[in-house]
Amino acid sequence: MKLLTYNMRKAVGLDRRRDAHRIMDVINHAGADVVVLQEADRRLGPRPAALSHRLIEDESDYVPVALAGNDVSLGSHGNAILVRKGLAIAAATRIALPGLEPRGAVSVEIAGKLRVVGVHLGLMRRHRQRQLAALSETLDGHPMPTAILGDFNEWSAALGFEALHDDYTLHAPGRSFHAARPVAALDRVALSHGLELRDAGVEETKQSKIASDHLPVWAEVELSGG
C-alpha cells in the first residue's frame, strides 16, 4: 500500500496564491492509496477546509475520512486523511496532544489490516517529545500494524524521537522542506512492528515545488510476511 504525507500549507503556494486545484493535482500525481494531510484547514474562525469536500469529489478518486468536529473543516487541527475509493475504513479517531499550541493527531483503520495515523507536531522539541509520548501511549495496546506519518517538525536526524524507539522504526525518505530548496527531512514515516518499508521517496515535480512550502513524502509499506 502506498501512503503519502503532505503539509499543504492551507493550499497557499510559494507564489502566494491559494490554489486548491493545484494541491489536488499534486496529490493525484503521487498516486497513493492513503493521503495524510497537514494544514488542510484554514486557521481562523470555524477553520473551513482549504481543500473542499466538493473539490475532492470532483477532481479525485479519494474520499475524506470523517474526522472533522464541524460541518466546514476537512479534519482536526488541520490534520486530515484521504482514502482511495473502494478501500474499507473504520475506527476514525481524533487524538488530542499536549503542548502550548493546539495540536492533535488523526487515525483510521484501513481494510481491517493497517492503522494510519497523521500528525503535525509542535515547533518546540520539548513539546514534540511530550506529543509523541502521549501518542505512543494512546496507540499502545492496539495490535494492528500502524504507520504514523506527518510533519514531525524535527530538524535533527536522531534527537526527539525517543518515545517511538521501542515500538516503531523511523524513516526519513528525503528532504522535504523548504520546497524551493529542500534542506530538511521534516516529513517522516514511523512504522510499527508488523510493517516493512518497501520503497519511499519525495514527490518532487514542477507543481509540487511551488504548491506548498513542503514537498509530499511517500512510502510503500507491506505487512511483514507479505
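The values are calculated or read from the model by the stated rules, or taken from the named source; none is laboratory data. Please read all numbers here as calculations on a predicted model, not as lab measurements. Every residue, glycine as well, gets a Cβ built from its backbone with ideal geometry; the counts of neighbours run over all protein chains shown. Surface areas here come from the heavy atoms of the whole protein model, side chains and all, with no ligands, DNA or RNA. Shrake-Rupley method; radii C 1.70, N 1.55, O 1.52, S 1.80 Å.
Scanning the range 47-79 for residues that are open to solvent by 60 Å² or more (accessible area, probe 1.4 Å) and free of Cβ contacts under 8 Å to residues at least 24 places away in the same chain, we see that the one that is farthest from residue 33 (Cα to Cα) is 71. Contact annotation: residue pairs with Cβ atoms under 6 Å, 6 or more positions apart or on different chains, pairing a residue in the range 133-150 that is within 23 Å of residue 219 (Cα to Cα) with a partner that is assigned to a loop (DSSP other than H, G, I, E, B), are 145/194.
Any residue that is in a strand (DSSP E or B), modelled with pLDDT of 95 or more and under 21 Å from residue 203 (Cα atoms) - is there at least one of those in the range 110-117?
Going residue by residue through the range 110-117, those that are in a strand (DSSP E or B) are 110, 114-117.
Within this subset, residues satisfying the condition of being modelled with pLDDT of 95 or more are 110, 114-117.
Still in the list and also under 21 Å from residue 203 (Cα atoms): 116-117.
Within the range 110-117, one or more residues are in a strand (DSSP E or B), modelled with pLDDT of 95 or more and under 21 Å from residue 203 (Cα atoms).
Conditions tested, residue by residue: (1) farther than 23 Å from residue 186 by Cα; (2) of a type in the set (Asp, Glu); (3) assigned to a strand (DSSP E or B).
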site: 16; (1), (2), (3): no, no, no
site: 32; (1), (2), (3): no, no, no
site: 36; (1), (2), (3): no, no, yes
site: 58; (1), (2), (3): yes, yes, no
site: 70; (1), (2), (3): yes, no, no
site: 86; (1), (2), (3): yes, no, no
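Residue-by-condition table, conditions (1) out of contact with any Lys or Arg (no Cβ under 9 Å at 6 or more places or on another chain); (2) modelled with pLDDT under 95; (3) part of a strand (DSSP E or B):
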{"residue": "159", "(1), (2), (3)": "no, yes, no"}
{"residue": "174", "(1), (2), (3)": "yes, no, no"}
{"residue": "179", "(1), (2), (3)": "no, no, no"}
{"residue": "222", "(1), (2), (3)": "no, no, yes"}
